[in-house]
Each structure stands twice: as C-alpha cells, then as structure tokens.
Amino acid sequence: MERETPPNGAETVGTVVAWYDANARDLPWRRPGTSAWAVLVSEFMLQQTPVERVREPWARWLERWPTPADLAATPSGEAVRAWGRLGYPRRALRLHGAAVAITERFGGEVPADLDDLRSLPGVGSYTAAAVASFAFGRRAVVLDTNVRRVLVRLHAGEAYPGATPTRAETAVAEAYLPDEPALAARWAVASMELGAVVCTARRPRCDACPVADRCAWRHAGHPAWDGPPRRGQTYEGTDRQCRGALLAVLRSSDEPVDDAELTRAWPDAVQRERALGSLVHDGLVVPARAAGMLTDERRWALPGGPGAGVAGP
DNA sequence: AACACGTGGCT
DNA sequence: TAGCCAAGTGT
C-alpha cells in the first residue's frame with residue numbers, strides 16, 4: 001500500500017493544536033474533571049445533533065444520572081422521555097443499553113479500550129475513538145465529519161469527503177496522528193474544532209484558518225464538489241416524521257395513550273400503523289393497558305413506565 | 001453499500 | 001423557500 005505521508009505533518013499538527021489552545025470553545029464536557037461517563041453521554045447526544053442543542057440536555061442528564069449505574073437502574077422509557085427533542089430517540093435507548101452493559105460487564109466503569117467501547121450499543125468507530133481520546137487520553141483515530149472535511153480539503157484538495165470513510169482516508173488520518181498519546185488526543189480535538197468552526201461545510205472561513213497557507217483545496221482555487229450528488233434527507237411526510245409525531249405524544253403523557261390520541265397526531269392510518277409497528281419493533285414503544293380498564297382498545301406507552309407491558313387482568 | 005433514522009437552524 | 005447540514009450507527 002502506498003504510504004500516505006502528509007507534507008509537514010508534524011508542523012500542521014503543532015499549528016492546529018496551538019490554534020486550538022487559543023481559540024477553543026468552552027464546552028462543558030471538555031472541562032477538566034469531566035467523567036468518562038459524562039463524555040460518553042455527550043458523544044451520544046452529539047451524534048448528528050448540533051453542539052448548541054446539546055448543552056442543556058447534557059447537564060440535566062448528568063444531574064439525574066451521574067453514573068452508568070444510575071441510568072441502568074432506570075426504565076429505558078425514562079431515558080427516551082428525558083431525551084426530549086434531541087432527535088433520533090433510538091440513541092436514548094442505546095445509551096441506556098450502554099449503561100446497562102457498562103454496569104454488568106465493566107463494573108460500572110466506562111472502559112478505555114477501543115474494542116470494549118465498540119462492544120457497547122450505539123458506540124461505533126467514531127464514538128469509541130472519541131471516548132478513548134477525549135476521556136482517557138489514548139491515541140486513537142478520531143474520524144468524524146469535521147475531521148474528514150478538514151483532511152480532505154487540506155490533504156486531497158477536495159471540497160467534501162465521500163459518503164463513508166475510505167481506506168485511504170483512514171490512512172491519511174493515521175499518518176497525521178502523532179505517536180505520543182497526549183499530543184494525539186490534543187490533535188484529535190483540535191482538528192475537530194477546526195472543522196466545526198473554521199473549515200465548515202457551508203462557508204469556510206479560510207481567512208481565520210491557521211493552515212490556510214498549506215491547504216490543497218485553497219491552493220486549487222476552492223474547486224466545487226464534483227462527485228455524485230449528495231442525496232438530501234427528505235423529511236416531510238416520511239415515516240420518520242410520523243414516528244416523531246407519535247413518540248412526542250407518548251413522551252408528553254405519564255399514562256398510556258389510546259389509538260384516538262395517536263390518530264389525532266397522525267391521521268393517515270396506513271402510515272401511522274406502519275410507524276407504530278416500527279417503534280414497537282425498535283423497543284421505543286410497548287403495548288400497554290391502563291389499570292382497571294376492561295376495554296380491548298389498544299393503548300401504548302414508553303417502555304417500563306406505569307401500565308407499560310401487556311398486563312393481565 | 002445504500003438506506004433509515006428526528007429535529008431545528010441557517011442561507 | 002427548499003434544501004442543506006449537524007461530534008453517526010445499525011442493518
């Protein structure tokens with residue numbers, strides 16, 4: 001395999017790290033003393049959700065569940081409820097599952113090992129590397145959308161990275177990563193920050209970029225993206241929107257809700273039934289029966305809440 | 001490998 | 001305005 005040696009790699013790392021030291025945002029999960037659990041929670045919440053929308057829910061979550069064992073001892077439905085409108089509620093379920101796994105298999109301590117982290121539900125290659133690096137100071141290739149964009153511009157001279165990381169891309173990222181763990185961790189967070197606030201997808205602020213002088217994309221005159229069209233995420237009228245509407249009703253109610261309430265939230269019967277079925281399949285919703293009710297009308301609830309589960313008479 | 005999966009802000 | 005985008009993961 002061809003060796004991907006970045007030109008002035010060590011110098012680039014030093015420059016970006018110095019820029020980070022002077023310009024880093026004050027994000028609560030970056031403060032000294034933040035537990036690995038708190039870092040893990042932040043990473044779950046930040047999956048596809050902007051930083052500014054995560055600050056408050058993150059603080060409230062950690063107040064309520066300061067350790068994995070605290071969350072593991074709570075019904076998963078409460079995690080889904082507390083997730084609120086962060087989006088992709090399956091993340092809440094997986095975070096709960098991760099807390100259970102950490103409690104049962106790792107003595108209640110968030111593991112530092114990459115493979116152990118990867119074994120947790122909802123933890124993929126990015127999140128595992130992020131926790132190993134940010135929480136434990138390990139040397140890990142942290143390749144999120146920000147870092148991918150920075151590297152593809154800086155190193156390959158292209159506007160955007162492809163749909164999924166290629167082998168070559170990972171090799172480039174590995175080549176930039178310093179040997180020394182502490183410096184590797186600083187580079188990881190610094191290169192992410194650069195992508196988040198300077199080398200942005202929409203309007204990159206090249207005038208504020210510490211490595212603009214060696215950016216291949218800039219030297220090439222900022223060529224536009226010429227790859228295959230990036231498929232947009234449609235939403236209006238999709239099952240996702242329907243699921244969101246149904247789940248919002250369930251989150252807002254302490255009691256199981258009936259079909260009439262769900263129909264009010266989403267009138268189309270075919271799509272509503274399909275979405276409801278998928279929510280049940282995902283474990284986000286469970287069939288329920290209100291206490292004392294003799295009706296055979298269906299009722300629904302978040303998992304583990306009052307009346308949740310199909311209780312016998 | 002392509003697709004499903006929430007929600008909201010920005011241009 | 002209608003897209004586009006946001007610290008991805010699982011199938």
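The values are calculated or read from the model by the stated rules, or taken from the named source; none is laboratory data. Not measured: the values here are computed from a predicted model. When we count neighbours, we look across all protein chains shown, and the Cβ atoms used for this are built from the backbone with ideal geometry, even at glycine. We work out accessible area using only protein heavy atoms, side chains counted, and drop any ligands, DNA or RNA first. Shrake-Rupley method; radii C 1.70, N 1.55, O 1.52, S 1.80 Å.
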Looking at the range A:219-234 only, could you name the residues that are in a loop (DSSP other than H, G, I, E, B) and not hydrophobic (A, V, I, L, M, F, W, C)? A:G221, A:H222, A:P223, A:D226, A:G227, A:P228, A:P229, A:R230, A:R231, A:G232, A:Q233, A:T234
Based on this model, can you work out whether A:A24 counts as open to solvent by 30 Å² or more (accessible area, probe 1.4 Å) and more than 16 Å from DNA strand C (Cβ to nearest atom)? no
Only residues that are within 14 Å of DNA strand B (Cβ to nearest atom), charged (D, E, K, R) and open to solvent by less than 40 Å² (accessible area, probe 1.4 Å): list them for the range A:258-290, please. A:R272
Residue list for the range A:153-177, restricted to those being open to solvent by less than 20 Å² (accessible area, probe 1.4 Å) and either farther than 14 Å from A:T12 by Cα or part of a loop (DSSP other than H, G, I, E, B) (or both): A:G157, A:A159, A:P161, A:L177
Odd one out for A:A18 among (1) under 23 Å from A:A184 (Cα atoms); (2) exposed (fewer than 15 other Cβ atoms within 10 Å of the Cβ); (3) touching a helix residue (DSSP H, G or I) at 6+ places or on another chain (Cβ under 8 Å): (3)
Show the residue pairs meeting these rules: Cβ distance below 8 Å; 6+ apart or different chains; first residue within the range A:229-242 and on the phi < 0 side of the Ramachandran plot and more than 8 Å from DNA strand C (Cβ to nearest atom); second residue part of a loop (DSSP other than H, G, I, E, B) and open to solvent by 100 Å² or more (accessible area, probe 1.4 Å). A:Q241/A:Y235
Restricting to the range A:243-257, name every residue that is small (G, A, S) and either open to solvent by less than 30 Å² (accessible area, probe 1.4 Å) or more than 16 Å from DNA strand C (Cβ to nearest atom) (or both). A:A245, A:A248, A:S252, A:S253
Of the conditions (1) surrounded by 16 or more Cβ atoms within 10 Å (Cβ to Cβ); (2) not in a loop (DSSP other than H, G, I, E, B), A:E56 fails just one. Which one is it? (1)
What number of residues within the range A:31-53 satisfy the criterion of being closer than 16 Å to A:R90 by Cα and either touching a His at 6+ places or on another chain (Cβ under 8 Å) or surrounded by 15 or more Cβ atoms within 10 Å (Cβ to Cβ) (or both)? 9
Evaluate the following for A:R90: is it open to solvent by 30 Å² or more (accessible area, probe 1.4 Å), under 14 Å from the mean Cα position of the chain (by Cα), at pLDDT 95 or above and within 16 Å of DNA strand B (Cβ to nearest atom)? yes
Residue under question is A:V150, and the condition is that it be more than 18 Å from the chain's Cα centre (by Cα), within 12 Å of DNA strand C (Cβ to nearest atom), more than 24 Å from A:A69 (Cβ to Cβ) and among the aliphatic types (A, V, I, L, M); does it hold? yes
